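**Q** The structure that follows is given in the form of structure tokens.
The values are calculated or read from the model by the stated rules, or taken from the named source; none is laboratory data. Note that the structure is a prediction, hence the values are computed from the model and not measured. Cβ placement follows ideal geometry from the backbone for every residue including glycine, while neighbour counts extend to all protein chains displayed.
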Amino acid sequence: MDAIVSLAKRRGFIFQSSEIYGGLNGFFDYGPLGVELKKNIRDCWWNDMVRRRDDVVGIETSIIMHPKVWEASGHVAGFSDPLVDCKVSKQRYRADQLFFAPVIVEGKTVGYVSGLESENTVGDLQTAAESFKRKKAIQGALAPVAIRDMTEATPEEIPLIPSPATGEPGSLTAPRAFNMMFQTNVGAMTDASSVAYLRPETAQGMFVDFKNVVDTGRVKLPFGIAQIGKSFRNEITPRNFIFRSREFEQMEMEYFIHPDADWLACHEEWLKWCRDWLLSIGLPDTHLSLHEHPKAKLAFYSRRTVDIMFQYPFGVQELWGIAARSDYDLKQHQQFSGVPQTWFDEGTKQKVVPHVIEPAVGVDRILLAVLCAGYAEEDVKDEKGNVEKRTVLRLSPRIAPVKVAILPLLKNKEALVVRAKELHVKLKRRFAVFYDEAGAIGRRYRRQDEIGTPWCVTIDFETIEKDGTFTLRERDSMAQRRITEAELFTLLDEQVY
Ligand code: ATP
């Protein structure tokens, strides 16, 4: 993970927000290459989800909405994470990410150990238990630890569990609900009546505008409304780089279906669509898995939720949630606003409140996944046969920030430079391309490998003296072949879509 964070900074993908002031935890900036990569991810999703489908339309709603929206949606009352404070260190923890275990020797509990969720939480707590036993010089066989998180601690156990910050028991509080919505005030007055929220999800925009779209958009069930935009959550413990941040971007789609439709089949279809889409932007299937939320843990209105998980270097984590949300959201808004949220069924001549299937994904989590899956350090041979290291980012041509680098073999040969610049002008009308004439050709290839450019085109003597073809060098195989200008355009048309 450190290598990826370092590359992201070094090559201008991602910076800490407000870095010159020491940064702000949970906020990030995207640099020149990062912003291109992010835009490409968004554009691919928008093209595939909205433009290339006949049954989905797009919208863009405001970040600050009427505060009643969040009462109706349940966020004011219930959008919270369980929070545990350490009264001594003033550290705050998410209770479901803070684990503990009794230390049991010869059947007797002799103390407690604790630790934050990690790639190997059980192993870490087992080691902590062994060390506890050794320090206290307790004799006898140690039982394997049985870990639980702080939401499962009994009131009697809480004072006995050590704080991860101090290592001592007695300072942790019982978990309490912490609402994650950022509050602000709208207008000149700052009183209770002016309180508003930065949206914690984009989805409510689609529900609140459902009637507007139905009345103006000539849509027929089943149909979807999609949106891409920023969301804000005051996460207790932002972590794992951009995986969990406080300001992030979501791509969500609400697919409205008839109440009598086969919702399970529809849910399965979207699950497949989402997984296929992730493959289409280059994520390896081997890193993807599904997590079905257990029935007992589902919200009361949810019929089924399945997450597409991705194997990040810090563990298998949620990337994309696909939820069957019944008619809960529209019914809530109908009740709170007093405005019917219905669709007129021409067949039965009845008004119905549609049900919804919701695929919801974070752009930043996808971006981190493609960086993690694409990053490699390899031993390769240079032109003289010497082994050297190359860092390569295997990004799909669909999302790579630069599609082609145009390189004149030598910068002091005018004819090469003129032809290269001519090609550059022609290509950049349609594609993100990069012109580079500085340094040895091998070094220029390496620079492009590191930022994920799928192809380099070298303008060499054969180009200007013989048949006009260029050398096309492929990032992944490093193979080189000759290609005509027309073939280059065809290649890009096929691969960059
Ligand atoms: P988690 O359990 O990881 O907190 P969630 O289940 O609360 O996520 P949803 O409310 O379903 O997430 O949001 C939909 C998607 O938005 C998630 O699958 C994820 O890709 C993205 N997302 C949610 N919270 C964050 C965050 N703090 N930072 C970055 N992306 C996020």
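Let's see how each residue does on (1) over 19 Å from Pro32 (Cα atoms); (2) at pLDDT below 95:
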{"position": "Lys351", "(1), (2)": "yes, no"}
{"position": "Glu358", "(1), (2)": "yes, no"}
{"position": "Ala376", "(1), (2)": "yes, no"}
{"position": "Val380", "(1), (2)": "yes, yes"}
{"position": "Leu427", "(1), (2)": "yes, no"}
{"position": "Phe431", "(1), (2)": "no, no"}
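**Q** Does Ala376 count as part of a strand (DSSP E or B) and either aromatic (Phe, Trp, Tyr) or more than 16 Å from the ligand (Cβ to nearest atom) (or both)?
**A** Details: part of a strand (DSSP E or B): yes; either aromatic (Phe, Trp, Tyr) or more than 16 Å from the ligand (Cβ to nearest atom) (or both): yes.
Here the answer is yes, as Ala376 does meet what is asked.
**Q** Let me ask you something else. Give the residue that is farthest from the ligand (Cβ to nearest atom), with candidates limited to residues of the range 178-202 that are among the small types (Gly, Ala, Ser) and either in a loop (DSSP other than H, G, I, E, B) or exposed (fewer than 13 other Cβ atoms within 10 Å of the Cβ) (or both). Walk me through how you get there before you give the answer.
**A** Looking only at the range 178-202, we keep the residues that are among the small types (Gly, Ala, Ser), and these are 187-188, 192-194, 196.
Of the ones still in play, those that are also either in a loop (DSSP other than H, G, I, E, B) or exposed (fewer than 13 other Cβ atoms within 10 Å of the Cβ) (or both) are 187-188, 192-193.
Details: Gly187: 28, Ala188: 32, Ala192: 27, Ser193: 28 Å.
Among residues in the range 178-202 that are among the small types (Gly, Ala, Ser) and either in a loop (DSSP other than H, G, I, E, B) or exposed (fewer than 13 other Cβ atoms within 10 Å of the Cβ) (or both), the one farthest from the ligand (Cβ to nearest atom) is Ala188.
**Q** Of all residues in the range 238-255, which are more than 10 Å from the ligand (Cβ to nearest atom) and either among the hydroxyl-bearing types (Ser, Thr, Tyr) or in contact with a Pro (Cβ under 8 Å, 6 or more places away or on another chain) (or both)?
**A** Met253, Tyr255
**Q** Of all the helices (runs of 4 or more DSSP H) wholly in the range 203-316, which have at least 1 residues that are in the same structural domain as Val69 (by TED's automatic domain parsing) and of a type in the set (Ser, Thr, Tyr)? Can you show your working first?
**A** Details: elements: 203-208, 210-216, 263-280.
Filter on the range 203-316 gives 210-216, 263-280.
**Q** Could you check Lys39 against (1) buried (at least 19 other Cβ atoms within 10 Å of the Cβ); (2) out of contact with any strand residue (DSSP E or B) (no Cβ under 8 Å at 6 or more places or on another chain); (3) among the charged types (D, E, K, R) and say which number it fails?
**A** Just one mismatch for Lys39, condition (1).
**Q** While we're on this one: Just give me the residues in the range 256-274 being within 16 Å of the ligand (Cβ to nearest atom) and surrounded by fewer than 19 Cβ atoms within 10 Å (Cβ to Cβ), in sequence order. Before you say what the answer is, go through the steps one by one.
**A** Quick first cut of the range 256-274, residues within 16 Å of the ligand (Cβ to nearest atom) only: 267, 270-271, 273-274.
Passing the criteria: only Trp273.
**Q** Only residues that are within 16 Å of the ligand (Cβ to nearest atom) and either among the acidic types (Asp, Glu) or not in a strand (DSSP E or B) (or both): list them for the range 317-351, please.
**A** Across the range 317-351, the qualifying residues are Glu318, Tyr328, Asp329.
**Q** For the range 353-360, does any single residue satisfy the condition of being assigned to a loop (DSSP other than H, G, I, E, B), in contact with a Lys or Arg (Cβ under 8 Å, 6 or more places away or on another chain) and in the same structural domain as Phe256 (by TED's automatic domain parsing)?
**A** yes
**Q** If you check every pair at least six apart or on different chains, which have Cβ atoms under 8 Å apart with a residue in the range 235-261 that is aromatic (Phe, Trp, Tyr) first and a residue that is more than 9 Å from the ligand (Cβ to nearest atom) and assigned to a loop (DSSP other than H, G, I, E, B) second?
**A** Listed by first residue and then by second, the contacts come to Phe241/Met1; Phe243/Phe314; Tyr255/Pro222; Phe256/Leu221; Phe256/Pro222; Phe256/Pro354.
**Q** Could you list, in sequence order, all residues of the range 219-234 that are over 30 Å from Leu98 (Cβ atoms) and either touching a residue at least 12 places away in the same chain (Cβ under 8 Å) or within 16 Å of the ligand (Cβ to nearest atom) (or both)? Give the steps one after another, and end with the answer.
**A** Filtering the range 219-234 down to residues over 30 Å from Leu98 (Cβ atoms) leaves 219-229.
Once the filter is applied, which keeps residues that are over 30 Å from Leu98 (Cβ atoms) and either touching a residue at least 12 places away in the same chain (Cβ under 8 Å) or within 16 Å of the ligand (Cβ to nearest atom) (or both), the range 219-234 yields Val219, Leu221, Pro222, Phe223, Gly224, Ile225, Ala226, Gln227, Ile228, Gly229.
Every residue, every condition in (1) closer than 30 Å to Ile225 by Cβ; (2) in contact with a strand residue (DSSP E or B) (Cβ under 7 Å, 6 or more places away or on another chain), yes or no:
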residue: Val316; (1), (2): no, yes
residue: Asp329; (1), (2): yes, yes
residue: Val339; (1), (2): yes, no
residue: Glu346; (1), (2): yes, no
residue: Val363; (1), (2): yes, yes
residue: Lys381; (1), (2): no, yes
residue: Glu388; (1), (2): no, yes
residue: Lys403; (1), (2): no, yes
residue: Ile406; (1), (2): no, yes
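**Q** Under 8 Å by Cβ, and 6 or more places apart or on different chains, what pairs join a residue from the range 141-163 that is in the same structural domain as Val105 (by TED's automatic domain parsing) and closer than 21 Å to Val105 by Cβ with one that is among the acidic types (Asp, Glu) and surrounded by fewer than 16 Cβ atoms within 10 Å (Cβ to Cβ)?
**A** Matching pairs, first to second residue: Ala141/Glu106; Leu142/Glu130; Pro162/Glu168.
**Q** Could you tell me which of the residues Glu388, Glu414 is over 15 Å from Phe470 (Cα atoms), free of Cβ contacts under 8 Å to residues at least 60 places away in the same chain and not assigned by TED's automatic domain parsing to the domain that holds Ser477? Walk me through it before giving the result.
**A** Values: Glu414 fails: not assigned by TED's automatic domain parsing to the domain that holds Ser477.
Just a single option satisfies the conditions, and that option is Glu388.
**Q** With the condition kept exactly as written, say whether any residue in the range 76-95 is touching a Gly at 6+ places or on another chain (Cβ under 6 Å), over 30 Å from Gln335 (Cβ atoms) and in a strand (DSSP E or B). Reasoning before the result, please.
**A** Just the residues of the range 76-95 that are touching a Gly at 6+ places or on another chain (Cβ under 6 Å), to begin with: none.
No, the range 76-95 contains no residue that is touching a Gly at 6+ places or on another chain (Cβ under 6 Å), over 30 Å from Gln335 (Cβ atoms) and in a strand (DSSP E or B).
**Q** Could you identify the single residue in Thr458, Thr463, Thr453 that is part of a strand (DSSP E or B), polar (S, T, N, Q), touching a residue at least 12 places away in the same chain (Cβ under 8 Å) and assigned by TED's automatic domain parsing to the domain that holds Glu485?
**A** On the way: Thr463 fails: part of a strand (DSSP E or B); Thr453 fails: part of a strand (DSSP E or B).
Only one candidate qualifies: Thr458.
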